[in-house]
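Have a look at the structure below, then the notes.
The values are calculated or read from the model by the stated rules, or taken from the named source; none is laboratory data. Just so it is clear, the structure is predicted and the values come from calculations on it, not from any experiment. Note that each Cβ is placed from the backbone with ideal geometry, even for glycine, and that neighbours are counted across all protein chains shown.
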Amino acid sequence: QVMKGYLKAEEKTSEVIKELEGIRWYVSGDKGHIDEDGFVTIVDRYSRFAKIGGEIVSLGLVESEIQKVVDEESHIAITAIPDAKKGEKIVLLLEGSQDLDELKEAIKSLEMNPLFVPSAYYKVDEVPKLGTGKADFKGIKKMAMELSS
């Protein structure tokens, strides 16, 4: 069962409600796969991808790789912001006691694809979080944009 739409927001409704072969679908923005038993596994959100120089980069993957070299007292957030040369660029926000230069060196040691390496790094007092304690991706992007300007 799919909702009829957003109240008094036809444009927003048309962005997320699609009809395919007579069936209405809600486009959630989640990325996932269906296994052989028919179970759906959500792995990421399409909004958590960056397009850098024509390549699609998973911000969740970048974050999980870099997390390997982040100390226990620190937290990171990865986002993408507009870039005039490559379309978007990856920005890392660091909260905690870890030294930013040490983190950059540690990231180099991961030998990641150069597209995955952040272009900008910022030390912040606090990474934006929702009331639930989860990352506030809109707030993170807004903070990165403000710090980059």
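Quick one: how many residues across the range 3-13 are aliphatic (A, V, I, L, M) and within 29 Å of Gly60 (Cβ to Cβ)?
2
Only one residue in Lys142, Lys104, Lys108 is over 30 Å from Val16 (Cβ atoms) and out of contact with any strand residue (DSSP E or B) (no Cβ under 8 Å at 6 or more places or on another chain), so which one is that?
Lys108
What residue, of Glu73, Glu21, is at pLDDT below 95, assigned by TED's automatic domain parsing to the domain that holds Gly139 and more than 21 Å from Ser148 (Cα to Cα)?
Only one candidate qualifies: Glu73.
Would you confirm whether or not the range 116-123 contains a residue that is touching a helix residue (DSSP H, G or I) at 6+ places or on another chain (Cβ under 6 Å), under 15 Å from Ile90 (Cβ atoms), free of Cβ contacts under 8 Å to residues at least 60 places away in the same chain and assigned to a helix (DSSP H, G or I)?
Within the range 116-123 (the criterion being touching a helix residue (DSSP H, G or I) at 6+ places or on another chain (Cβ under 6 Å), under 15 Å from Ile90 (Cβ atoms), free of Cβ contacts under 8 Å to residues at least 60 places away in the same chain and assigned to a helix (DSSP H, G or I)), the answer is yes, since at least one residue qualifies.
Please indicate, with yes or no, whether at least one residue in the range 44-54 is more than 25 Å from Ser28 (Cα to Cα) and either touching a Phe, Trp or Tyr at 6+ places or on another chain (Cβ under 9 Å) or not hydroxyl-bearing (Ser, Thr, Tyr) (or both).
yes
Could you please find all residues in the range 14-41 being surrounded by 10 or more Cβ atoms within 10 Å (Cβ to Cβ) and farther than 30 Å from Val57 by Cβ?
Arg24
Anything in the range 121-137 that is surrounded by 13 or more Cβ atoms within 10 Å (Cβ to Cβ) and either acidic (Asp, Glu) or closer than 17 Å to Leu61 by Cα (or both)? List them, or say none.
Those that are surrounded by 13 or more Cβ atoms within 10 Å (Cβ to Cβ) and either acidic (Asp, Glu) or closer than 17 Å to Leu61 by Cα (or both): Ala135, Asp136, Phe137.
Out of the range 16-41, which residues are farther than 23 Å from Gly5 by Cα and among the β-branched types (Val, Ile, Thr)?
The answer is Ile34, Val40, Thr41.
Return a yes/no flag: does the range 70-80 have any residue that is under 23 Å from Gly133 (Cα atoms), out of contact with any strand residue (DSSP E or B) (no Cβ under 6 Å at 6 or more places or on another chain) and surrounded by fewer than 12 Cβ atoms within 10 Å (Cβ to Cβ).
yes
For the range 95-114, check the following and say yes or no: at least one residue is under 14 Å from the mean Cα position of the chain (by Cα) and within 28 Å of Lys31 (Cα to Cα).
No, every residue in the range 95-114 fails to be under 14 Å from the mean Cα position of the chain (by Cα) and within 28 Å of Lys31 (Cα to Cα).
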